[in-house]
Amino acid sequence: MTDTAPPVLLSREGAVSWIRLNRPAVLNALDEGMAAAFRDACRSVAEEGPGGPTRVLVIAGNGRGFLAGGDVSRFNDDPAAAPEVVTAIIDSLHEALRILDRLDIPVLASVHGPVAGAGMSLACAADLCIAADDAKFTTAYARIGATPDGSGTYNLPRLVGVRRAMELAMLADLVDAAEALRLGLVNKVVPAAALAEETRALAERLANGPTVAYAGIRHLLRQSWTASLDQQLDAERARFRATAGTGDFREGIAAFLAKRKPVFRGR
């Protein structure tokens, strides 16, 4: 890997788009360039729009880990400029997370090795997360006297509860993959050697599913965190009505009645 390699790689395999974090020499630590490249990759996927070729997005890391947090060496280059450096990284990362939140396709995080700081926040922000058994999670921020970013304070308590989120954020202890599964931080743990294969299998399953319905599911569940019951009931009605007019709904009903497996087209 050369210093001129792109810090983030975007590719597509059939209906699955992959964003791969690509600073393996520093465990994919996040600096200004990488944060901006990640934002741009997310934007490229979003610009396909509903019905585009991508039906699921996978976020993964190259090398020995997923994402080991911010590149703390950047904060030490000029301590007086640290707030500006931090702001540049956070602004790009947060814009990327806003883009991901608005997508109409499932977002899957595939994590291994260090999953720290912004890496843990990003894993928590995905719709689903599959982890290698060598994954190690930590919020990390308190270790350097900082507060979380990357939507960590938003998603973490919703996954594990406020009291446990306080513990994870304040003590910043390492959590292994088995404990992450028990806490609800991840959906599945697989052997490290099988992570790529298992990720592709899950991504393909999602890519072959009812994409419009998946969009409705992810948006309904995400908005339910702040919606009132009345608002949620209205939103459920509207989403179900919209999906009832899709080809995938007609195919799903026909397959159910014929006792066969449906073939969804994502529209």
**Pair list, Cβ under 6 Å, 6 or more apart: region 223-236 residue farther than 20 Å from Asp101 by Cβ, other residue modelled with pLDDT of 95 or more** = none
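Picking from Asp149, Asp134, which residue would you name as being part of a loop (DSSP other than H, G, I, E, B), in contact with a helix residue (DSSP H, G or I) (Cβ under 7 Å, 6 or more places away or on another chain), in contact (Cβ under 8 Å) with a residue 24 or more places away in the chain and more than 20 Å from Phe75 (Cα to Cα)?
Working: Asp149 fails: more than 20 Å from Phe75 (Cα to Cα).
That would be Asp134, the only listed residue that is part of a loop (DSSP other than H, G, I, E, B), in contact with a helix residue (DSSP H, G or I) (Cβ under 7 Å, 6 or more places away or on another chain), in contact (Cβ under 8 Å) with a residue 24 or more places away in the chain and more than 20 Å from Phe75 (Cα to Cα).
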**Request:** Go through (1) touching a residue at least 40 places away in the same chain (Cβ under 8 Å); (2) out of contact with any Pro (no Cβ under 8 Å at 6 or more places or on another chain) one by one and return the number of the condition Asn76 breaks.
**Result:** (1)
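I'm checking my understanding of the structure. Among residues of region 174-193 that are of a type in the set (A, V, I, L, M, F, W, C) and within 18 Å of the chain's Cα centre (by Cα), which one is farthest from Ala131 (Cα to Cα)? Let's see the steps before the verdict.
First, pick out the residues of region 174-193 that are of a type in the set (A, V, I, L, M, F, W, C): 174-175, 177-178, 180-181, 183, 185-186, 189-190, 192-193.
Then drop every residue that is not within 18 Å of the chain's Cα centre (by Cα), which leaves 177, 180-181, 183, 185-186, 189-190.
Numbers: Ala177: 7, Ala180: 9, Leu181: 9, Leu183: 13, Leu185: 10, Val186: 7, Val189: 5, Val190: 6 Å.
Only one residue tops the list, namely Leu183.
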**Asked** Which members of region 9-38 meet the condition of being touching a residue at least 40 places away in the same chain (Cβ under 8 Å), in a helix (DSSP H, G or I) and crowded, with 21+ Cβ neighbours inside 10 Å?
**Response** Ala35, Phe38
**Asked** Does Pro79 qualify as being assigned by TED's automatic domain parsing to the domain that holds Asp176 and either crowded, with 16+ Cβ neighbours inside 10 Å or in contact with a strand residue (DSSP E or B) (Cβ under 8 Å, 6 or more places away or on another chain) (or both)?
**Response** no
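For the condition surrounded by 14 or more Cβ atoms within 10 Å (Cβ to Cβ), over 17 Å from Gly150 (Cα atoms), in contact (Cβ under 8 Å) with a residue 40 or more places away in the chain and more than 14 Å from the chain's Cα centre (by Cα), what is the one hit in Gly65, Gly52?
Values: Gly52 fails: in contact (Cβ under 8 Å) with a residue 40 or more places away in the chain.
Of the residues listed, the single one that is surrounded by 14 or more Cβ atoms within 10 Å (Cβ to Cβ), over 17 Å from Gly150 (Cα atoms), in contact (Cβ under 8 Å) with a residue 40 or more places away in the chain and more than 14 Å from the chain's Cα centre (by Cα) is Gly65.
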**Request:** Being β-branched (Val, Ile, Thr) and over 18 Å from the mean Cα position of the chain (by Cα) is the filter here, so list the residues in region 1-47 that pass it.
**Result:** Thr2, Thr4, Val26
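Condition test on Arg164, is it assigned to a helix (DSSP H, G or I), of a type in the set (Lys, Arg) and either surrounded by 15 or more Cβ atoms within 10 Å (Cβ to Cβ) or in contact with a Leu (Cβ under 8 Å, 6 or more places away or on another chain) (or both)? Let's see the steps before the verdict.
Details: assigned to a helix (DSSP H, G or I): yes; of a type in the set (Lys, Arg): yes; either surrounded by 15 or more Cβ atoms within 10 Å (Cβ to Cβ) or in contact with a Leu (Cβ under 8 Å, 6 or more places away or on another chain) (or both): yes.
Yes: the conditions hold for Arg164.
Just to check your reading of the model, which residue among Ile130, Ile144 is more than 19 Å from Phe38 (Cα to Cα) and at pLDDT below 95? Quick ask: steps written out before the conclusion?
On the way: Ile130 fails: at pLDDT below 95.
On inspection, the qualifying residue turns out to be Ile144.
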**Asked** In region 224-252, which residues are within 28 Å of Glu48 (Cα to Cα) and of a type in the set (A, V, I, L, M, F, W, C)?
**Response** Trp225, Ala235, Ala238, Phe240, Ala242, Ala244, Phe249
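The values are calculated or read from the model by the stated rules, or taken from the named source; none is laboratory data. Predicted model, so just to flag it, every value in this text is computed and none were measured. Reconstructed Cβ throughout: ideal geometry from the backbone, glycine too, with neighbour counts over all protein chains shown.
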